[in-house]
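The values are calculated or read from the model by the stated rules, or taken from the named source; none is laboratory data. Note that the structure is predicted; figures quoted are calculated from it, not measured. Glycine gets a Cβ as well: all are built from the backbone with ideal geometry, and neighbour counts include every protein chain shown.
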Amino acid sequence: MLKIRNLTLTLGEKKIFDDVSLEVTRGEIYALLGRNGTGKSTLAAVILGLIKPEKGDIYFEDELINDLSLTERAKRGIILAWQKNITVQGLTVRDYVRVSAPNGISDAEVEGHLEAVGLSCGEYLDRVIDGKLSGGERKRIELASVLAAKPKLAILDEPDSGIDAVSLVMVESAIRRMAQDGAVLLITHTEDILGISTRAGILCGARVIREAKPDAAVQYFKNHCDYCETVNTPRLDEIITGSVNP
Ligand SMILES: Nc1ncnc2c1ncn2[C@@H]1O[C@H](COP(=O)(O)OP(=O)(O)O)[C@@H](O)[C@H]1O
Ligand SMILES: [Mg+2]
């Protein structure tokens, strides 16, 4: 569904991606795992069309989308849930979710999306988005709006951050739902949410240093990355290119 080929990007003096290739197939929840500052959010911005790379091709459903605008990519179904909490103030939760739906949406559907992320609609529909909502609530409202957009590829940037254990279960089920109708690129810097992924890639030193099944990726990350003191500088023997299926 999504194919990134030989992506190279330098921002300022820093090489963010050095010949990165990555593929997310239909139905997959591909976890992109990496410590802070390794370029995960930047990769989301590149796929979305916010940042133009120096080199590399991005295909979506076999179409080369390098030259498509942000809007054209969104129309094709590439939708991002931002890492930063929603900052819009003054809209009701209902309207925030509703504006994401490309062809309009009924109240019942808005309610369904809120329930899917564990927000009871009775309590939240008419709530005005303001500073009184917790970070976890804002994250989940953002995810409800992604559900409303009916994405083909949902890029979720740290959807688990600031979420308590109970809400996490609902967030995970919403993510699974997104993958049923398309695919999910799940960006995270913790292993906690990897259990729902089908495959994981670890980003370090401008490269995807290895791809593995979730269990193996979690083990690797725990043993090598969580307490790494030289973040973003992998040793040569840590780099294993080549992917597990596909
Ligand atoms: N516009 C920019 N100009 C220069 N450097 C940037 C820019 N955006 C991000 N960076 C740098 O790129 C690196 C990766 O950032 P980011 O993608 O946010 O990492 P992550 O999401 O993995 O924590 C960081 O070192 C960050 O400071
Ligand atoms: Mg980030």
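A few remarks follow.
- Annotation for the stretch 166-183: no member residue is closer than 23 Å to residue 10 by Cα, buried (at least 23 other Cβ atoms within 10 Å of the Cβ) and outside the structural domain of residue 99 (by TED's automatic domain parsing).
One line per residue, one yes/no per condition, for (1) within 13 Å of ligand 2 (Cβ to nearest atom); (2) of a type outside the set (Ser, Thr, Tyr); (3) within 20 Å of residue 189 (Cβ to Cβ):
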site: 2; (1), (2), (3): no, yes, no
site: 10; (1), (2), (3): no, no, no
site: 26; (1), (2), (3): no, yes, no
site: 29; (1), (2), (3): no, yes, yes
site: 33; (1), (2), (3): yes, yes, yes
site: 53; (1), (2), (3): no, yes, no
site: 61; (1), (2), (3): no, yes, no
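Condition check ((1) of a type in the set (Asp, Glu); (2) over 18 Å from the mean Cα position of the chain (by Cα)) across all residues:
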| position | (1), (2) |
| --- | --- |
| 177 | no, no |
| 190 | no, no |
| 193 | no, no |
| 207 | no, no |
| 215 | yes, yes |
| 218 | no, no |
| 221 | no, yes |
| 225 | no, yes |
| 231 | no, yes |
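- A Cβ distance below 8 Å, combined with a sequence gap of six or more or placement on separate chains, defines the contacts here; from the stretch 20-49, residues that are in contact (Cβ under 8 Å) with a residue 24 or more places away in the chain reach residues that are among the charged types (D, E, K, R) and near ligand 1 (Cβ under 6 Å from one of its atoms) in the pairs 32/40; 34/40.
- Looking only at the stretch 26-56, and only at residues there that are hydroxyl-bearing (Ser, Thr, Tyr) and within 10 Å of ligand 1 (Cβ to nearest atom), the one that is nearest to residue 156 (Cα to Cα): 41
- Members of the stretch 16-50 that are loosely packed, with under 15 Cβ neighbours inside 10 Å and either out of contact with any Gly (no Cβ under 9 Å at 6 or more places or on another chain) or not assigned by TED's automatic domain parsing to the domain that holds residue 206 (or both): 25, 36, 37, 50
- Test set (1) in contact with an Asp or Glu (Cβ under 7 Å, 6 or more places away or on another chain); (2) at pLDDT below 90; (3) under 22 Å from residue 84 (Cβ atoms) - residue 232 fails condition number: (1)
- Those residues of the stretch 57-84 which are within 16 Å of ligand 1 (Cβ to nearest atom) and touching a residue at least 40 places away in the same chain (Cβ under 8 Å), in sequence order: 80, 81, 82, 83
- Taking the conditions (1) within 16 Å of ligand 1 (Cβ to nearest atom); (2) exposed (fewer than 15 other Cβ atoms within 10 Å of the Cβ) in turn, residue 87 satisfies each one other than (1).
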